[in-house]
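Here the structure comes first, spelled out in structure tokens, and everything after it is commentary.
What follows draws every value from the coordinates through simple rules; no lab data is involved. Note that this is a predicted model, so its numbers are computed, not measured. Every residue, glycine among them, receives a Cβ derived from its backbone with ideal geometry; neighbour counts consider all protein chains shown.
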Amino acid sequence: MNDALDVALRLIVVFAVFLVLPLVIGQTEHKVMAHMQGRLGPMYAGGFHGWAQLVADGVKFAQKEDVVPANADRRVFQLAPAVALLPYLLVLIVIPIGPSTSAVGQVIDAGIFFALAVMAVGVLGSLMAGWASANKFSLLGGLRTAAQLLAYELPMLLAAASVAMAAGTVSLPGIVNAFEWWWLPWQIVGGLVFFVAGLAELQRPPFDMPVADSEIIFGAYTEYTGLRFALFLLAEYAGIVVLCGLTTVLFLGGWHGPFGGEGLGWVWTLLKIAVLAFVVIWLRVSYPRLREDQLQKLAWTTLVPLALAQIALTGVVKVVM
Amino acid sequence: MNPVLAAEAPGFLSPTGVEIAFLLVGLVTLAAAAVTVTTKQLVHAALWLVVALGGLAVEYLLLTAEFIAWVQVLIYVGSVVVLLLFGLMLTKAPIGRSPDADSGNRVAALAVALAAAAALVWVVVDAFRTTWIDLDGPAQGATRVSGEILFRHWVLPFEALSVLLLAALVGAIVLSRRDRTESGPAQEGKR
């Protein structure tokens, strides 16, 4: 196939996935939360089970006036949602969902590092929003975001490094290719650390201190309205997709499944991502919010030592075998 | 320039697309760096620093050093700038110009910067002269290649650097714990 056409086609597919999957997760979150907490919620839009509520929400966001506070730093304020959202689109390009080369947007030699580096850039969006809003609650939210990111970046990296050591490569398809079923118990600690640290990086409950609505309204996003606010929400859902995708690829064996051939690999990947996304939503409705000092303590005294122990274990097994 | 080598190497007068891109990104990086040190708006300076560091990462990419490029983004944009912004927010950096965001050492700083730039340019030019990277062949900056060079030929400097970092880490802990003896228990537990 023509090279340029091939690249364009891949980018279009990735973009479509980027547009669809976060919305699917948003819809799932609405419904799963409603069932778990026994909340009726809006059940009218669209007829069956209120399935069109998300669409209605989108239309509502699009109609709202886009307000920039008078004292805000205009350009930074307006740029922030894009900085928060675009990195997740870039990460989706490198996540492989199937064994063939056509099932990944672009194979990158240092895929893990690309994914983690670009994910870390997304947090700059929250920081920019927090500072530029000229609002003390936003500033507090930004501060908490920064403190949280600094604390949880390290265990996430260490856990990812452990898998890279086990596979002997830092390329994402390479890691899944090297995967064996016994990696699951071997890397389980690293996987948990990675997932928890990723949740914290996304500021999902129970790590939603930066946007704690009962304390600081909505943290860095307090002053946002309309589409820009919707973009921040979309960034959160896209973040869930990316985190679940990365966890699947790094720790759960991606397209490997107990049965079904190579051809069904993408089904397994999507299934694992869906289950993880369900767990993310489940955690949101079942756990209370961690306090700021508890957050820092969990990262520095639990996750970092666990990740280091996992690296040591990986090293030992790797040398012995 | 050595005329014999120059004859073998591609000329300067017919630049390839990659060379033009390298030059343009370099100009953007330089401009962003200049704005970083001249702007009076503190947080804007930090954000322009993101552009400058990101530009450097793109330069690494264009030189096929993919791994170095992503690490550059991960460490500098993802952590160092976040730390900077954290500090700026902690001190409530104002929106708009800070009239006192200036230093009396401007001339000295400029002199040091120029001297450092001259020394670096001289060293790099002297070290590589007319070496050309073959961009079409297998990537010479791939992770495997970087790792092999680092741990086969440069192990000693690598270890020396890690000792230096360890010393810095211990120093940071000592500094941040100093006031515990002077004025009650310190509250600051973060980095």
Which residue fluctuates most in the GNM of chain A (Cα springs below 10 Å): A:Leu19, A:Leu149, A:Leu124? A:Leu19
Highest GNM mean-square fluctuation among A:Gly98, A:Gly26, A:Gly226, for chain A with Cα springs under 10 Å, belongs to A:Gly226
Treating only the Cβ of Lys, Arg, Asp and Glu as charged (+1, +1, -1, -1), what charge dipole size does chain A show about its Cα centre? Round to the nearest 20 debye. 440 debye
Could you put A:Phe179, B:Phe22, A:Phe207 in order, starting from the residue whose Cβ has the fewest other Cβ atoms within 10 Å? B:Phe22, A:Phe179, A:Phe207
Within the set A:Ala45, A:Ala212, A:Ala120, GNM on chain A using Cα springs under 10 Å gives the largest fluctuation to A:Ala45
Phi angles of the range A:237-253, converted by Karplus (6.51 cos²θ - 1.76 cosθ + 1.60, θ = phi - 60°) into ³J(HN,Hα) in whole Hz with x for Gly and Pro, give 5, 4, x, 4, 4, 5, 4, 5, x, 5, 4, 4, 5, 7, 10, 10, x
Going down the list A:Lys136/B:Lys40; A:Lys31/A:Lys60; A:Lys31/A:Lys272; A:Lys60/A:Lys136, which pairs span over 24 Å between their C-alpha atoms? A:Lys60/A:Lys136
Overall dimensions of the range A:3-320 by Cα: Rg and Dmax, Å: 19.8, 64
With a 10 Å Cβ neighbour count serving as the proxy for reagent exposure, in which order, fewest first, do A:Met156, A:Met33, B:Met89, A:Met165 appear? A:Met33, A:Met165, B:Met89, A:Met156
